[in-house]
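K.L.:
Take this structure first; my questions come after.
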Amino acid sequence: MSPYQRLLHNNIIWISLLAWFIAQVLKVIFSLIVNKKLDIRRFIGAGGMPSSHSALVVSLATSIGRIEGYDSSLFALAATFSLIVMYDAAGVRRAAGKQAAVLNEIVQQIQDHKGVSEEKLKELLGHTPIEVIAGALLGFVISRLFFGL
């Protein structure tokens, strides 16, 4: 079997991508419920409920643990990688989003009083801790359903 064929048959990648995909679809659905309008951009956007980053990396780590063993070096690497991604999603990127909100307010004040045209920054960059946990649980469940409980 060629390397490309092996890649196409790698269930760990496909299950991880499935967890990401489901999380992104759920973002669109939750946005529709909360905002009462369909915003398809939520499918490709960062931030929101649940965290697709968390879903992907936890599904990856869970799948590796299931196949390679939870005591393997590969699982330790994947679990550590997952923690870093989730910390970044809830910490650094969340803080950047809050800073973007403050800067957008400053830009709005400038526009209101001086008519200056400035581009607003994207505020929804990170996740709340509950969004990260929800994404992590989703990734865990998707992986466990595929590989068996």
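K.L.:
Which residue, of GLN24, GLN5, is at pLDDT 85 or above and under 11 Å from the mean Cα position of the chain (by Cα)?
P.N.:
Exactly one of GLN24, GLN5 is at pLDDT 85 or above and under 11 Å from the mean Cα position of the chain (by Cα), namely GLN24.
K.L.:
Go through (1) over 20 Å from GLY148 (Cβ atoms); (2) without any contact (Cβ under 8 Å) to a residue 12 or more places away in the chain; (3) assigned to a helix (DSSP H, G or I) one by one and return the number of the condition PHE30 breaks.
P.N.:
Here PHE30 clears every test but (2).
K.L.:
For the range 64-102, which positions are of a type in the set (Asp, Glu) and within 20 Å of SER51 (Cα to Cα)?
P.N.:
ASP88
K.L.:
Which residue, of GLY45, GLY65, is among the small types (Gly, Ala, Ser), closer than 21 Å to ALA96 by Cβ and surrounded by 14 or more Cβ atoms within 10 Å (Cβ to Cβ)?
P.N.:
Answer to the check: GLY45.
K.L.:
Follow-up. Within the range 49-82, which residues are of a type in the set (S, T, N, Q), in a helix (DSSP H, G or I) and in contact (Cβ under 8 Å) with a residue 24 or more places away in the chain?
P.N.:
Answer for the range 49-82, where residues must be of a type in the set (S, T, N, Q), in a helix (DSSP H, G or I) and in contact (Cβ under 8 Å) with a residue 24 or more places away in the chain: SER52, SER54, SER59, THR62, SER63, SER82.
The values are calculated or read from the model by the stated rules, or taken from the named source; none is laboratory data. Remember, predicted model here, so these are calculated numbers, not experimental data. So basically every Cβ, Gly included, is an ideal-geometry build from the backbone, and we count neighbours across all protein chains shown.
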